[in-house]
Amino acid sequence: MTTHSDVNRTEQQDDLLKSLIEFTKDHRAAHWSGTVSEFLERVMTADPKGAARTSHQYMWDMIRWMGDVDDGGTFRCKLFDQELFGVDEAIERVVDYFKAAAAGSEVGRRLLLLLGPPSGGKSTLVILLKRGLEEYSRTEEGAMYAIQGCPVHESPLHLIPHSLRPRFRDTYGVEIIGEVCPHCRTRLENDYSGDFLRMPVERIFISEAGRVGIGTYAPHDPTTADLADLVGSVDLSKVAEYGDEGDPRAWSWSGAVYAASRGMLEMIEILKVKREFLYLLLTLTQEKNVKVSRFPLIYLDETILAHTNLAEFRKFLQESENEALLDRMVIIQVPYTLNYKDEARIYKKLISSAAPAFREVHLDPHVLHAAAVFAIFTRLHEADDKEVELSKKVRLYANEEVEGYAHAEAERMKQRMPDEGLAGISPRFVINALSNAIIQTNVKSLTTMDVLLALKDSIENDARIDPKRKRKWIDYLVLARKDFYNRWVKEDVHKALFVSFEQEAQDLLDKYLDEVEAMLDNRQIKDPITNEERKPDERFLRAVEEKIHISDSGKQSFRQEVVRKAMGAYKRGEKFTLDSHAQLHNAVQQYLFEQRREVLRLVSSTTRPDEEVRQKISVVEKRLVDEYGYDSHSAREALNYVTTLMAQE
């Protein structure tokens with residue numbers, strides 16, 4: 001028998017197949033090869049600007065190809081949307097760097113350095129740029145051409161003699177920048193007798209694995225690191241063949257800077273390398289050439305994007321001789337996010353890429369957000385004057401409404417404390433704690449309390465954290481539970497319980513409206529049971545209104561507003577319902593919740609509840625599962641937890 005889940009799975013497979021087919025259509029690369037003469041005739045004439053792009057212009061075109069302008073007129077690059085969360089400011093600065101560099105600004109002659117704490121998104125940002133380049137190069141818009149067999153994938157335009165370049169500029173409207181590499185110059189003379197129009201050209205595709213347009217260097221032991229890793233060395237096996245160590249064909253062009261030519265070079269933990277490495281890289285960035293023994297300057301056009309952590313950067317700053325190097329870098333900070341909602345999205349992404357056993361464990365709807373709130377607490381600075389409580393600060397950074405504060409306050413706080421987000425708990429720490437909770441308990445359902453306890457255990461058993469910080473972080477766990485999780489879980493149970501008693505809520509609303517109308521008309525109300533007349537129940541009215549903080553001085557205007565809305569609904573032939581007035585809806589909901597405390601207390605009571613109560617509790621549990629993201633275990637735990645909270649109030 002075919003189940004509903006089988007149908008959904010089949011539909012998902014069909015959708016995926018369609019997406020794959022559409023992707024291959026959009027990215028179907030047209031392979032091309034020919035001579036320089038054919039290149040000029042066909043490719044250059046069709047798209048001169050595209051054929052003459054620099055590496056920065058190519059990067060900027062890729063970012064624009066991947067991007068879009070949102071409703072607010074802000075440019076967003078889709079490349080980062082599903083992978084990086086909460087670092088929009090850093091992404092915007094990276095995008096601005098490439099925009100300025102592509103326009104010919106001086107920033108294009110600076111090395112781009114990403115600076116931030118571990119697991120903050122630096123490496124992911126670079127990886128996404130590399131993947132974007134690979135994908136873009138397989139489209140018609142991203143077509144890139146190089147001299148066939150060139151070890152640095154250089155542009156065929158480098159073969160145009162300098163004396164002809166001004167006429168070339170007048171004809172095609174583009175500037176040719178760059179020199180032929182020693183390897184291609186030797187080939188041109190030996191194989192083609194200097195006739196550059198016969199040199200073979202081919203379309204190339206950027207590939208990190210194929211070492212075309214993307215190079216990556218990761219430092220190992222600084223004492224044994226060799227500059228040859230970047231610029232290559234003599235290939236002794238070929239010296240015998242060509243008879244001269246100075247022959248470029250006897251040179252090993254395996255260095256990372258050659259692989260990155262026309263594209264991007266990633267330097268991992270750049271500040272750990274020797275100073276001679278840095279000078280070579282900065283000269284390459286500024287002058288676009290490198291010098292190796294036996295050869296003239298080798299022209300290389302590539303974007304150098306490096307990243308490092310704060311500890312290495314602070315050490316680098318302390319050495320005065322590094323000032324000149326710093327002056328030739330564009331430094332962009334990539335801090336941890338301070339928005340707990342974005343932080344939770346990071347956890348969700350990490351979980352989705354984890355082992356299947358981990359993904360199969362059900363997490364209650366507040367697990368990730370509660371853990372994220374705790375992580376944000378550890379990244380904030382507590383102001384000396386305590387002008388903004390930490391919990392309120394976290395809510396402001398998450399763009400939530402906080403009484404007494406404007407939305408702009410969050411931006412002002414960031415400006416006052418620019419170092420926030422550069423230290424604290426990393427996303428990996430939280431995910432490791434989640435993993436430990438799953439492995440140690442071997443359960444298929446984790447509640448928020450389980451995870452908060454797992455985080456507490458991880459903090460206490462981490463030898464890297466000093467005792468004072470441990471105590472502070474455990475206090476933050478308590479604060480996350482008290483100021484956030486308690487509120488969230490009570491709201492869930494509150495709403496589920498409220499809907500389960502929907503008719504009672506509507507009756508309560510009708511009663512409130514009757515009492516208010518009588519109060520405003522200054523008349524008596526007839527009791528439906530005894531038929532006796534009585535004054536409007538002011539006590540009841542205030543009990544409802546106080547739930548939404550209506551002051552005694554403001555009650556009259558609030559009541560008049562409610563009656564006006566009720567009369568408006570009546571004139572339109574509509575019934576005045578809970579959805580007709582948002583504030584009153586909330587007040588009635590909370591009032592009813594208070595009235596139903598006893599029903600909740602029966603959940604954890606040893607006394608066997610009667611069938612009616614059991615049925616109502618069952619409805620509440622089912623609603624928590626169906627509509628609020630719980631499973632049966634976490635729904636029962638939530639009800640028990642809220643019952644305990646209410647007993648303490």
If each DSSP helix of 4+ residues adds -39,500 (n - 2.57) and the sum is divided by the residues in the chain, what number results at 222 nm, nearest 500 deg cm²/dmol? -15500 deg cm²/dmol
Say the dipole of the range 112-165 comes from +1 at the beta carbon of Lys and Arg and -1 at that of Asp and Glu; which of Ile127, Pro117, Cys150 then lies farthest toward its positive end? Pro117
Antiparallel content of DSSP bridges confined to the chain, in %, to 5: 45 percent
When the scattering of the range 248-381 is computed by the Debye formula from its Cα atoms alone, each counted once and equally, what is log10 I(q)/I(0) at q = 0.15, 0.22 Å⁻¹? -0.88, -1.27
Among the lysines, which fall within straight-line cross-link reach of Lys575, defined as a Cα-Cα distance under 30 Å, with same-chain neighbours fewer than 8 residues apart omitted? Lys490, Lys495, Lys511, Lys526, Lys535, Lys547, Lys555, Lys565, Lys616, Lys622
Please compute the length gained on full extension between Glu276 and Glu403, using 0.36 nm multiplied by the number of residues separating them and subtracting their Cα-Cα distance. 40.1 nm
Listed values (1) 25.7, 77; (2) 33.5, 119; (3) 27.6, 102, entry calculated as Rg and Dmax of the Cα atoms in Å: (2)
If one takes the longest principal axis of the Cα atoms in the chain, at what angle in degrees, from 0 to 90 and to the nearest 10, does the Cα axis of helix 88-102 lie? 30 degrees
Percent antiparallel among DSSP beta bridges with both residues in the range 193-339, to the nearest 5? 35 percent
What residues qualify as long-range amide H neighbours of Ile331, i.e. H under 5 Å apart, gap of 5 or more or another chain, H built at 1.01 Å from N? Leu113
In nm, spacing of pseudo-spin labels at Arg169 and Ser580 (7 Å Cα→C-beta vector): 7.7 nm
List the GluC sites (Glu not before Pro) within the range 399-444 that DSSP assigns to loop and that have no more than 16 neighbouring Cβ atoms inside 10 Å. Glu400, Glu401, Glu403
How much length, in nm to one decimal, is gained on full extension between Tyr242 and Gln82, taken as 0.36 nm per residue of separation minus their Cα-Cα distance? 52.4 nm
Name the long-range amide H neighbours of Val212: under 5 Å, sequence gap of 5 or more, or other chain; modelled H, no Pro or chain starts. Ser207
Could you check the spin-label model distance between Ser105 and Phe295? Points 7 Å from the Cα along Cα→Cβ, value in nm. 3.2 nm
Point-to-point label distance, Leu520-Arg416, nm (Cα→Cβ direction, 7 Å offset): 4.3 nm
For the chain, the longest principal axis of the Cα atoms and the Cα long axis of helix 275-287 enclose an angle in degrees, to the nearest 10, of 80 degrees
What do you get for the angle between helix 367-379 and the principal long axis of the chain? Use alpha-carbon atoms, 0 to 90 degrees, nearest ten. 70 degrees
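Between Gln318 and Ala209, what's the calculated FRET efficiency when r is the beta-carbon distance and R0 is 41 Å? Round to 0.05. Mind dumping the intermediate values first?
On the way: r = 39 Å, r/R0 = 0.94.
Approximately 0.60, to the nearest 0.05.
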Check Asp301: other-chain or 5+ apart residues with amide H under 5 Å from its amide H, H built from backbone geometry? Arg262
Could you work out how much longer the chain between Lys349 and Val443 gets when fully extended? Use 0.36 nm per residue separation minus the Cα distance between them, nm to one decimal. 31.7 nm
What are the lysines whose alpha-carbon lies under 23 Å from the alpha-carbon of Lys130, with same-chain residues fewer than 8 places away excluded? Lys25, Lys49, Lys78, Lys99, Lys122, Lys272, Lys288, Lys349
Divide the volume of the convex hull of the Cα atoms of the range 317-454 by its number of residues and quote the answer in cubic angstrom per residue. 162 Å³
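Laboratory data are not the source of any read-out in this text; all were calculated from the coordinates shown. None of these values were measured; they are calculated from a predicted model. Ideal geometry is used to build each Cβ from the backbone, glycine not excepted, and the neighbour counts take in all protein chains shown.
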